[in-house]
């Protein structure tokens, strides 16, 4: 269950391609195999770590999984002025089946004044510091 998902921009076509265009009959409501969990309101416990109130977003194109994932992290950190397509353009996302490469993603995020660490830098990665929301590890 996706409570409080990030909305699609009004001018985005979500009916002709991508996962967002799949017919509603493809959903598995009340399925014992695909339970609908309220991940938005879930809390961590001894066996599961959750980021409560983390808003979800369904990618609208076959090639925009990276921009859609980055969008959710940006929203969670209060950066809400970009769209999936803005991110796809900024990260030089290519048509399916190529998508977004890590180098372009890292370079674009650095233009947003975010402190980004990447395995591409050739240095050991330091674990995330929750007190520094602009600190990214990719």
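The values are calculated or read from the model by the stated rules, or taken from the named source; none is laboratory data. What you see is a predicted model, and the numbers here were worked out from it, not measured in a lab. Virtual Cβ from ideal backbone geometry, glycine too; neighbours counted across all protein chains shown.
Taken over segment 105-121, the residue count meeting the criterion of being surrounded by 13 or more Cβ atoms within 10 Å (Cβ to Cβ), in contact with a helix residue (DSSP H, G or I) (Cβ under 8 Å, 6 or more places away or on another chain) and in a helix (DSSP H, G or I) is 5. Taking segment 78-99 as the range and being touching a helix residue (DSSP H, G or I) at 6+ places or on another chain (Cβ under 7 Å), modelled with pLDDT of 95 or more and either surrounded by 15 or more Cβ atoms within 10 Å (Cβ to Cβ) or in a helix (DSSP H, G or I) (or both) as the test, the residues that pass are 82, 84, 87, 88, 90, 91, 93. Determine if segment 21-30 includes at least one residue that is in contact (Cβ under 8 Å) with a residue 40 or more places away in the chain, over 22 Å from residue 102 (Cβ atoms), part of a loop (DSSP other than H, G, I, E, B) and out of contact with any strand residue (DSSP E or B) (no Cβ under 7 Å at 6 or more places or on another chain). Scanning segment 21-30, I find no residue that is in contact (Cβ under 8 Å) with a residue 40 or more places away in the chain, over 22 Å from residue 102 (Cβ atoms), part of a loop (DSSP other than H, G, I, E, B) and out of contact with any strand residue (DSSP E or B) (no Cβ under 7 Å at 6 or more places or on another chain), so the answer is no. Between 34, 57, 75, the distinction of being part of a loop (DSSP other than H, G, I, E, B), modelled with pLDDT of 85 or more and on the phi < 0 side of the Ramachandran plot belongs to 57 only.
Among the conditions (1) in a loop (DSSP other than H, G, I, E, B); (2) within 14 Å of the chain's Cα centre (by Cα), the only one that residue 17 does not satisfy is (2). Here residue 34 meets each of (1) closer than 28 Å to residue 114 by Cα; (2) loosely packed, with under 13 Cβ neighbours inside 10 Å; (3) out of contact with any helix residue (DSSP H, G or I) (no Cβ under 9 Å at 6 or more places or on another chain) with one exception, condition (1).
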